[in-house]
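The values are calculated or read from the model by the stated rules, or taken from the named source; none is laboratory data. Being a predicted model, the structure only gives us computed values, none of them experimental. Quick reminder, even Gly has a Cβ in these numbers, built from the backbone with ideal geometry, and neighbours come from all protein chains shown.
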Amino acid sequence: MSISIRYTKGFLLDFKRRLEFIRDAHQLLEMKRDQLIRKLKALVEELKPLREKVEKEIEELYGELALFHVVYGTQELRTASIIGESMEVEVLPKSVIGISVPLITKIKVPEVKEKYPPHIASLAEKMASAINDLIKLAEIETSIENLAEDLQRTNVRVNALEKAVIPQYESLIKRIQDALDHEMLEEFMRVKLVKNVLIKKRGEV
Amino acid sequence: MSVTYLICKSHALESRLLSKSFVLELASSNTLGEFLDKLSQTSYGPRLRESRDVWSVEKALGEEFINRLAMLLKISYENARNFLKVFLKRNEIQNLIWIVRMKKRGASKEEIERELLPTWELDGMDLTPLLEAESLDDVLSSLKRAGYEELAKIKDDVLLIEAALKQSYYRQVFESINKLSIADKEDIRKLIGVELDLQNLRTCVGALMQKYSREFVEKFLLENPRGISKRRLLALFSKGNPNLFIEYFPRYAPIIRLAIAGEDWRLELESLKILKKKADLKKIPKYISFFYVIRYLLDLEIEYRNLRSLALATYHGIPVERRKRLLVL
């Protein structure tokens, strides 16, 4: 980042103001990062048991589905799977610390009871329950993804401010401050020299 | 051609069914390719030549099954032919159920066609008008015109249509048995009665476990003139205790226990096993008996189901030992 600088008092004050603003922003971003980490931790803790449950549920379900397929054949499985109505969901964005995460709402949950012949009903019921858990899992996983993406961006910003922008500004301010000090000293010396010359001249007179 | 020829032909065809040891050998195949290689050595070979994946294998097996049924129909005559035509309608009913389910969801003619067994080869109804029907109502109208009078008061409830189609099938089967001029009519009636008992018990106990209402079950129970009456089943259902079914019908205890345990896929296998056992254990005094034809038809269906199960089980990677338990032998 190249910044054009002028070694003036006004410029120094402006830079000091900017640095103060950047430090505030850095502090805020650090707070956001901590908050994101806390949120992510909570979601990951929620995700772990749910994922284990869903994986176990799906594994059992696929096993049962495979057996149903083997015993009843493809046509029966395919056509039985479309007897019931479809589930309808609505995905709305929800804001968590300003980050958009999905909120999945079930608009229409298909009835299983008395909608399938008894030999399919229990499988359909297990499937419906697994889909509910899958929706919850999808919601949490997408939230984690979005939050993690933002955390990564926030982290990059915090690090950039901490490791590059703030030190650069501090060094610039120091350079301007040094240059101004140097200029002041030069001025002082010049004034002192002129004063001595003037005193000398008055003495001769 | 006489009924005697049909019975003798059934004896001959029965001997051509795959042996138990060969089916077990097929079950040990590690891949679908290996399964196909072994099966291609048999009379299924020409039909399987074009099959590459599990779906085409399943389709080919279905076509071969219908083809073998059609062959039997071709050599039968008069009353026996009429009975067989009606008896084999079970495959058409299966097709109709699939058509109704898919039409309800607005599937296209091509999509439905892919799923069907070629039951028109069994002198069945022409399914084209049903496939081309624009709605389920049109399908229902066509079926009503085709003689499925049980559908008269049904609108678009898929489950009710399925139950009515099955009810219509069994009514027609019992009617056509009466027209048969053979000595072992009663044995055939009893076997079909057992089949109906098994279906009804599965419906009853399954519905009880799913907490379905009495009204629902009433619509799905099929009238059985040679088995447990619908009224008796409903009375037991109303008591709400599935174990009572074991107490009242101990000969069906294995099926009822499976239904209580919710092992629906095993129910299908056990039902077939019970039917096969019933048919195999039947002591037929004469070599020339029509019951042999029915037994051959049952064995043929079991062979078709066994081969389909093995192809699909191999595709799903189900372990060999488990695969063997999926067979009806």
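Among the residues of segment A:2-55, the ones that are outside any helix (DSSP H, G or I) and out of contact with any helix residue (DSSP H, G or I) (no Cβ under 9 Å at 6 or more places or on another chain) come to 2 in all. When residues in segment A:119-132 are screened for being more than 10 Å from chain B (Cβ to nearest Cβ), hydrophobic (A, V, I, L, M, F, W, C) and touching an Asp or Glu at 6+ places or on another chain (Cβ under 8 Å), 1 of them pass. Out of the residues in segment B:219-276 that are polar (S, T, N, Q) and crowded, with 16+ Cβ neighbours inside 10 Å, which is farthest from the other protein chains (Cβ to nearest Cβ)? My answer is B:N224. Only a single criterion out of (1) touching a helix residue (DSSP H, G or I) at 6+ places or on another chain (Cβ under 6 Å); (2) surrounded by fewer than 17 Cβ atoms within 10 Å (Cβ to Cβ); (3) free of Cβ contacts under 8 Å to residues at least 60 places away in the same chain is not satisfied by B:K179, namely (3). A Cβ distance below 6 Å, combined with a sequence gap of six or more or placement on separate chains, defines the contacts here; from segment A:66-87, residues that are without any contact (Cβ under 8 Å) to a residue 24 or more places away in the chain reach residues that are assigned to a loop (DSSP other than H, G, I, E, B) in the pairs A:V70/B:L326; A:I82/B:R105.
Go through A:E90, A:E55, A:E59, A:E45 for me and flag whichever is within 14 Å of chain B (Cβ to nearest Cβ), loosely packed, with under 13 Cβ neighbours inside 10 Å, modelled with pLDDT of 90 or more and over 30 Å from B:E63 (Cα atoms). Being within 14 Å of chain B (Cβ to nearest Cβ), loosely packed, with under 13 Cβ neighbours inside 10 Å, modelled with pLDDT of 90 or more and over 30 Å from B:E63 (Cα atoms) holds for just one of A:E90, A:E55, A:E59, A:E45, which is A:E59.
Scanning segment B:29-61 for residues that are of a type outside the set (G, A, S), within 27 Å of B:I112 (Cβ to Cβ) and within 14 Å of chain A (Cβ to nearest Cβ) gives B:L32, B:D53, B:V54, B:W55, B:V57, B:E58, B:K59, B:L61.
Right, A:A128: in contact with a Pro (Cβ under 9 Å, 6 or more places away or on another chain) and closer than 25 Å to B:K59 by Cβ or not?
Details: in contact with a Pro (Cβ under 9 Å, 6 or more places away or on another chain): yes; closer than 25 Å to B:K59 by Cβ: no.
No, not satisfied.
Could you please give the count of residues in segment B:302-323 that are within 12 Å of chain A (Cβ to nearest Cβ) and part of a helix (DSSP H, G or I)?
Start the filter on segment B:302-323 by keeping residues that are within 12 Å of chain A (Cβ to nearest Cβ), which leaves B:304-319, B:322-323.
The next check asks that each one be part of a helix (DSSP H, G or I); those that pass are B:304-316, B:322-323.
Result for segment B:302-323: 15.
Just name the residue that is farthest from the other protein chains (Cβ to nearest Cβ) out of those in segment B:90-117 that are touching a Gly at 6+ places or on another chain (Cβ under 9 Å) and over 17 Å from B:P129 (Cβ atoms). Across segment B:90-117, the extreme among qualifying residues is B:N91. When you go through B:D137, B:D123 one by one, which is the residue that is surrounded by fewer than 21 Cβ atoms within 10 Å (Cβ to Cβ) and in contact with a Lys or Arg (Cβ under 7 Å, 6 or more places away or on another chain)? None of the others qualify; the one that does is B:D123.
Only one residue in A:E204, A:E183 is touching a residue at least 40 places away in the same chain (Cβ under 8 Å) and charged (D, E, K, R), so which one is that? Give the derivation first.
Working: A:E204 fails: touching a residue at least 40 places away in the same chain (Cβ under 8 Å).
Being touching a residue at least 40 places away in the same chain (Cβ under 8 Å) and charged (D, E, K, R) holds for just one of A:E204, A:E183, which is A:E183.
Does segment A:97-118 contain any residue that is within 7 Å of chain B (Cβ to nearest Cβ), buried (at least 18 other Cβ atoms within 10 Å of the Cβ) and hydroxyl-bearing (S, T, Y)? The answer is no, given that none of the residues of segment A:97-118 is within 7 Å of chain B (Cβ to nearest Cβ), buried (at least 18 other Cβ atoms within 10 Å of the Cβ) and hydroxyl-bearing (S, T, Y).
Restricting segment B:191-212 to residues that are more than 14 Å from every other protein chain (Cβ to nearest Cβ) and free of Cβ contacts under 8 Å to residues at least 40 places away in the same chain leaves a set whose member that is surrounded by the most Cβ atoms within 10 Å (Cβ to Cβ) is B:L196.
Among the residues of segment A:4-29, which ones are within 16 Å of A:I99 (Cα to Cα) and surrounded by 14 or more Cβ atoms within 10 Å (Cβ to Cβ)? Outline the logic, then answer.
Going residue by residue through segment A:4-29, those that are within 16 Å of A:I99 (Cα to Cα) are A:28-29.
Correct list: A:L29 only.
Residue-wise test of (1) over 24 Å from B:E321 (Cα atoms); (2) in a helix (DSSP H, G or I); (3) of a type in the set (A, V, I, L, M).
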{"position": "B:L24", "(1), (2), (3)": "no, yes, yes"}
{"position": "B:D37", "(1), (2), (3)": "no, yes, no"}
{"position": "B:I66", "(1), (2), (3)": "yes, yes, yes"}
{"position": "B:L69", "(1), (2), (3)": "yes, yes, yes"}
{"position": "B:L72", "(1), (2), (3)": "yes, yes, yes"}
{"position": "B:S76", "(1), (2), (3)": "yes, no, no"}
{"position": "B:L84", "(1), (2), (3)": "yes, yes, yes"}
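Picking from residues in segment A:66-75 that are out of contact with any Leu (no Cβ under 7 Å at 6 or more places or on another chain) and either in a helix (DSSP H, G or I) or of a type in the set (K, R) (or both), the one that is surrounded by the most Cβ atoms within 10 Å (Cβ to Cβ) is A:L67.
Against the list (1) more than 14 Å from chain A (Cβ to nearest Cβ); (2) within 30 Å of B:I7 (Cα to Cα), the condition B:I154 fails is (2). Here is a list of conditions, (1) among the hydroxyl-bearing types (S, T, Y); (2) out of contact with any Leu (no Cβ under 8 Å at 6 or more places or on another chain); (3) free of Cβ contacts under 8 Å to residues at least 40 places away in the same chain; (4) closer than 21 Å to B:A313 by Cβ, and B:S15 meets all of them except one; can you say which number that is? Only one criterion is unmet by B:S15, namely (4).
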